[in-house]
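Student: Okay, here's the structure, questions in a sec.
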Amino acid sequence: MDVYARPANNSILKEKVVDSKDENEILPPDHLNGVKMEMDGHLNKEFHQEVFLGKEMEEFEEDSEPRKNRKKLMVIFSKVDINNDKKISAKEMQRWIMEKTDEHFQEAVEENKMHFRAVDPDGDGHVSWDEYKVKFLASKGFNEKEIVEKIRNNEELKIDEETQEVLDNLKDRWYQADNPPPDLLLNEEEFLSFLHPEHSRGMLKFMVKEIIRDLDQDGDKKLTLSEFISLPVGTVENQQAQDIDDDWVKDRKKEFEEVIDANHDGIVTMEELEEYMDPMNEYNALNEAKQMIAVADENQNHHLELEEILKYSEYFTGSKLMDYARNVHEEF
């Protein structure tokens, strides 16, 4: 594939980085913790750390003291090793992944309560599309009172094309989150599905359709490898950028061929992508556990010992621990 002539990934919800806390509260996030792919179709680079560390992920910072991180990792190892045989099996890792994924689910539920209150100021337990639209546009810098007045009088809102496209896509998502009987009012549970589609099978299907729509170039509602590794619009300006692009393609090719394309026929269907995206799929969790073990299983016994996890700490925690062998003997 010629990376200089790469097709676009036109996900309209792939917004530029926002600084506004209010906007972050009410705009569905692109990044979903514990889900293997972003809502714009990009691979979640932090997935392994998220399903291994759960809410403790923030504690493993780049500038943290390696000795402290080693001790934290040793504690995690003992928690995963439930039969205390000093090694982690695929089944133990699967159980741990499911537990950490559930942690992210519960965190999203708690955050949703706060976000729902922000868009339901009258506290009646329901939010209309117009109420949400007002809050969203206000977070974009529009005058809230003027928007309310124009909507009340059914007057045209003067909105730039980009914002209108985002609104149109959000409205589609809103309709999908509105459980039967449809009333265009979202309660707290429906609003959770709107912000976090991984909590709802119906919304998960909708997210998959969006991703395939953005990457599918021939309109057959399936993905070939070439479509899946099509890079976002950009320009390769130097060798460093070229290397980043090459790594990006390599990662996506590996994920497509080894994981997403379950029957290895060279085509990813909506059903295959949905199974891949489902964070609470136990079969996926077991496969993920086996992959994580394979990365660090130097003695090839299909288990992970503490020394192996410490040596490959960057893969599991994002934090590289130096002199792991010497330090592990000191701390035992």
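Student: Less than 17 Å apart at the alpha-carbon level, and either on another chain or at least 8 residues along: which lysines does that give for LYS253?
Tutor: Excluding near neighbours in sequence, the set is LYS36, LYS45, LYS222.
Student: At a probe size of 1.4 Å, how large is the accessible area of HIS302, to the nearest 10 Å²?
Tutor: Counting only protein heavy atoms, the figure is 140 Å².
Student: Would the range 126-222 count as rounded, prolate or oblate if I go by the C-alpha gyration tensor, calling it rounded below 1.5 in a/c and otherwise prolate when a/b exceeds b/c, oblate otherwise?
Tutor: Taking the square roots of the gyration eigenvalues as a ≥ b ≥ c, the range 126-222 is oblate.
Student: Shape call for the range 118-157 from the C-alpha gyration tensor, a ≥ b ≥ c root eigenvalues: rounded (a/c under 1.5), prolate (a/b greater than b/c) or oblate?
Tutor: oblate
Student: Let me ask something else about it. Taking a ≥ b ≥ c as the square roots of the Cα gyration tensor eigenvalues, with a/c under 1.5 meaning rounded and otherwise prolate when a/b beats b/c, else oblate, which class fits the range 61-113?
Tutor: oblate
Student: Excluding residues on the same chain fewer than 8 positions from LYS145, give the aspartates and glutamates whose Cα lies under 18 Å from its Cα.
Tutor: Once the sequence-local aspartates and glutamates are set aside, what remains near LYS145 is ASP22, GLU23, ASP120, ASP122, ASP130, GLU131, GLU155, GLU156.
The values are calculated or read from the model by the stated rules, or taken from the named source; none is laboratory data. Model, not experiment: these values are computed from the prediction. All accessible areas refer to the heavy atoms of the entire protein, side chains included, with ligands and DNA or RNA removed. Shrake-Rupley method; radii C 1.70, N 1.55, O 1.52, S 1.80 Å.
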